[in-house]
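Structure record follows, encoded as structure tokens.
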């Protein structure tokens, strides 16, 4: 426990933390501004022409919304992954915390930054969109008779897929992955929207739901868009890290459960935090390996003496 507290305190005083927090806020601003902007009637289909101006009455298509969210997520992850890991989603941050990729302190400030960024992004969208075209600016809601429980299940399932994709894309022990992690993650987000927009408006991201809800003061069934993604992301994190990952072993699981950061990943992986953290963990791993080797040698010597 003292070791974990010490690591959190060191992370709190790290200059990298505040740079990463700023990156998370900026990334979430553009996620909400561009993604939720695709929901406005300004991006709908022209339905009539009157007095020389186009009047838009039809809503944007599900494909248009899905591609916009997928592309903006992939773009923002590409832009800020080297700074913060490119979470821009509390569900991803909680998954990173569960797998010990970030400290408790870093996870807390990331989520605060994501929430603030979402509110700012939604506010900018409101300010730049004509009032007649704003509609709900992407406020999530249950649609087509979907119940609270069904909405929760939908959000859980689609967020599970996205977080599983994030962790699989960043698995440094896999040798079969040669593509772009940001693109893969963006495609998973687009997939979730293609399925879930007609159910819940597709949240996948509690911060993305919170920003528009604040500026529109719309809170119907809002808990669904927090609990569903957080539970889905947490389940995906546990299953992948401790059972499905290429390096899943009992020893690795024990290490992850007894310290605040996971074993080091290669520096290009987006969910890696500060380089100095990886160096500290690598030193700790070498110490543990040396201690285990010494114990095995002592056991072997004792057995030899006994014979």
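Where a number appears in this text, it was derived from the coordinates with a stated rule and is not lab data. None of the values given here were measured: they were computed from a predicted structure. Heads up, the Cβs are rebuilt from the backbone with ideal geometry, glycines too, and the neighbour counts pull from every protein chain shown.
Worth a mention:
- Gyration tensor verdict on region 122-174 (Cα atoms; rounded if a/c is under 1.5, prolate if a/b is larger than b/c, oblate otherwise): oblate
- Mean-position separation - Cα centroids, region 200-218 and region 219-248, in angstrom: 18 Å
- Across q = 0.14, 0.16 Å⁻¹, region 45-178 modelled as identical point scatterers on its alpha-carbon atoms has Debye log10 I(q)/I(0) values of -0.88, -1.08, in the order of the q list.
- Mean shadow area of region 156-222, taken as a quarter of the surface of its Cα convex hull (nm²): 5.3 nm²
- Contour excess over end-to-end distance, with Cα ends at residue 62 and residue 243 and 0.36 nm allotted per residue: 61.7 nm
- Region 115-255: C-alpha gyration tensor shape, a/c 1.5 cut-off, then a/b vs b/c: prolate
- Among 229-235, 129-135, the order from most to least packed when residues are scored by Cβ within 10 Å on average: 229-235, 129-135
- Ranked by the mean number of other Cβ atoms within 10 Å of their residues, highest first, the peptides 91-103, 144-156 come out as 91-103, 144-156.
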